[in-house]
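*Asks:* Dropping the structure in here first, questions after.
The values are calculated or read from the model by the stated rules, or taken from the named source; none is laboratory data. Note that the coordinates shown come from a computational prediction; the quantities given were computed from them, not determined experimentally. Quick reminder, even Gly has a Cβ in these numbers, built from the backbone with ideal geometry, and neighbours come from all protein chains shown. Calculation scope for accessible area: heavy atoms of the full protein, side chains included, ligands and nucleic acids excluded. Shrake-Rupley method; radii C 1.70, N 1.55, O 1.52, S 1.80 Å.
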Amino acid sequence: MAILLVCLAGVASACPDHASVPRSLGYLSPYQAGDPTKSRIDPVAQAEMQVALKPVDDSLRALARLADHLSDPAAQACLIRHLRHWADADGLRDLTSQQARLTIGARLAALAILVRRLRISGISKSEMPEVLIWLKTLAKAQIEFWEHDAPARAKQGNLAAWAALAIWVIGEEIGNLPLKRKAVQMHASVLCSANPDGSLPIEMARGRFALHYQLHALAPLVTLQAYLNEVEAPRPCAETLKRVVDFALSDIKSGTHTRALTGYEQSYFTGVEVLQPHELAWLEAYLTLENAPDARSVAESLRPLYNSKLGGNQTKLWNH
C-alpha cells in the first residue's frame, strides 16, 4: 500500500499517493469461539483481522490529519481526490463476514466525518457527487445488516452506536431524512439501555474488557448527541448520557465500579492494555453538551485530543 504522508506543520507540498482501497473485507471475531464474554483473545484471528483492516485504518489516520489543514485549498483538493479514489474503487462494498459488517461502522463514520469537514470548509456537494452516492450505498447496507442480520445483543452495543453515527452523518450530508431517523433510533437503542448507575449492560457483559468497551461506546454516543444538539434535533434519552459518562470517568483510575459489577479486574489495570488519549477524545464533544468540571479537567490534561475515527483533532473541531 502506498503510504500517506502529511506534514503537520503545514500541508504537504504534493498530495500524498493514493492508498490501495479494499473492495472486499472478511475476517473472523478476534475472540475465542464459545466465550460468552468475548474477552478471551484468539491471537491468530486477531492478527488476521488487524492485517485485513490495516490498509483501511492507516489511510483513515492519514486522511484525518490531512483534514486538519482544510483551511488550505490544496488540502481540500487533495482530500477530495482521495475520497473520489475510494468511491471509484467501490471501497468496502463487499463485506463477506459478520465480523466485518459489525466492525465497519467506525470506519464508515470516519469517512463520513471527513466529508462533513470538507462541507464545513466550504466545499459544495457538487464537487464530490460520486463520494456521496458511494457513502449512501454503504449506509443502506449497514441499515440492512443491523435490521436483519446483526446479533440481537449487538444492537444495544458499541458497534451499533458507531454504525448509527456513520449513518446519521451520511444522512445529514446527503439530506436524507430516513437515514437520519434510523440512526437516531439505533443510537437510542444503545443509550436508553443504560443501567441506573450509567453502566451499559451489553458492555458490562464483556468481562475484563467491560470498561474498555464502555469507553468505546461513548465515542459515537457522545459525538452523535453533540451533532443532534447542533441542529436542535430530538435526542432520546439525552439525560442518560451524563450517567454513562460519569460512570466511565469515575472508573478510569481504578476500575473499581466495573470490577464490582463484572467480577473481573479490568484490562487497563492488569497490564493487558494502557488507556490511550484517543479513547477519551469524545470529551471535547461532551463539553459542548455539559458543564462538567471533572470531564474538563481530564480533557485539559490530555489536549490536543485526537481520534481519526471521529474525524481527527477533536480539540480543534469542537473549538476548545
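*Asks:* Taking only the alpha-carbon positions of segment 189-238 and ignoring solvent, what does the Debye formula give for the base-10 log of I(q)/I(0) at q = 0.17, 0.18, 0.20, 0.33 Å⁻¹?
*Replies:* -0.53, -0.58, -0.69, -1.25
*Asks:* List the longest stretch of the chain that has no exposed loop site; here a site is one of the GluC sites (Glu not before Pro) assigned by DSSP to anything other than H, G, I, E or B, with at most 16 other Cβ within 10 Å.
*Replies:* 1-231
*Asks:* Starting from the eigenvalues of the Cα gyration tensor, five times each then square-rooted, give me the equivalent ellipsoid semi-axes of segment 24-144, largest first, whole Å.
*Replies:* For segment 24-144, the semi-axes come out at 31, 15, 11 Å.
*Asks:* Treating the angle as unsigned and between 0 and 90°, give the value, to the nearest 10°, between the Cα long axis of helix 73-88 and the longest Cα principal axis of the chain.
*Replies:* So the inclination is approximately 80 degrees.
*Asks:* Can you list the HN-Hα couplings for segment 243-250, worked out from phi with the Karplus curve (6.51, -1.76, 1.60; θ = phi - 60°), rounded to whole Hz and with x for Gly and Pro?
*Replies:* My calculation for segment 243-250 gives 5, 5, 5, 4, 4, 5, 5, 5 Hz in order.
*Asks:* Could you give each residue of segment 111-123 its phi-based ³J(HN,Hα) in whole Hz, using Karplus coefficients 6.51, -1.76, 1.60 with θ = phi - 60°, and x for Gly or Pro?
*Replies:* Whole-Hz 3J(HN,Hα) from phi for segment 111-123: 5, 5, 5, 4, 5, 4, 5, 4, 4, 5, 7, x, 7.
*Asks:* For the chain, what is the mean residue ellipticity at 222 nm derived from helices alone (per DSSP H run of n ≥ 4: -39500 (n - 2.57); sum divided by total residues; nearest 500 deg cm²/dmol)?
*Replies:* Details: 13 runs with 180 residues, N = 320.
After summing the helix terms and dividing by the residues of the chain, the value is -18000 deg cm²/dmol.
*Asks:* Within segment 202-305, report the trypsin sites (Lys or Arg not before Pro) that DSSP leaves as loop and that have at most 11 other Cβ atoms within 10 Å.
*Replies:* Counting only loop positions with at most 11 other Cβ atoms within 10 Å, the trypsin sites (Lys or Arg not before Pro) in segment 202-305 are K253.
*Asks:* Rounded to the nearest 0.05, what FRET efficiency do S126 and K253 have when you use their Cβ-Cβ distance and R0 = 45 Å?
*Replies:* The computed FRET efficiency comes out at 0.35.
*Asks:* Let me check I have the definition right: for the chain, take the eigenvalues of the Cα gyration tensor, multiply each by 5, take square roots. What are those semi-axes in whole Å, largest first? Before the final figure, lay out the partial values.
*Replies:* On the way: eigenvalues 172, 100, 80 Å².
Ellipsoid semi-axes (Å, largest first): 29, 22, 20.
*Asks:* Still on this structure: Mind giving me the FRET efficiency for A260 and D72? R0 is 51 Å, r the Cβ-Cβ distance, nearest 0.05 is fine.
*Replies:* 0.50
*Asks:* Would you mind checking the pairs K38/K180; K182/K253; K125/K242 and listing those with alpha carbons more than 32 angstrom apart? Mind dumping the intermediate values first?
*Replies:* Working: K38/K180 30 Å; K182/K253 36 Å; K125/K242 35 Å.
Result: K182/K253; K125/K242 exceed 32 Å.
*Asks:* Something else now. Take the alpha carbon gyration tensor of segment 206-285, find the square roots of its eigenvalues, order them as a ≥ b ≥ c, and report rounded if a/c is under 1.5; if not, report prolate when a/b exceeds b/c, else oblate.
*Replies:* Since a/c reaches 1.5 and a/b is larger than b/c, the shape of segment 206-285 is classed as prolate.
*Asks:* Quick check on segment 15-90: what are the equivalent-ellipsoid semi-axes from the Cα gyration tensor, as sqrt(5λ), descending, whole Å?
*Replies:* After scaling each eigenvalue by five and taking roots: 34, 13, 9 Å.
*Asks:* Once ligands and nucleic acids are excluded and a 1.4 Å probe is used, how much of K316 is accessible, expressed in Å² to the nearest 10?
*Replies:* Per-residue accessible area (K316): approximately 110 Å².
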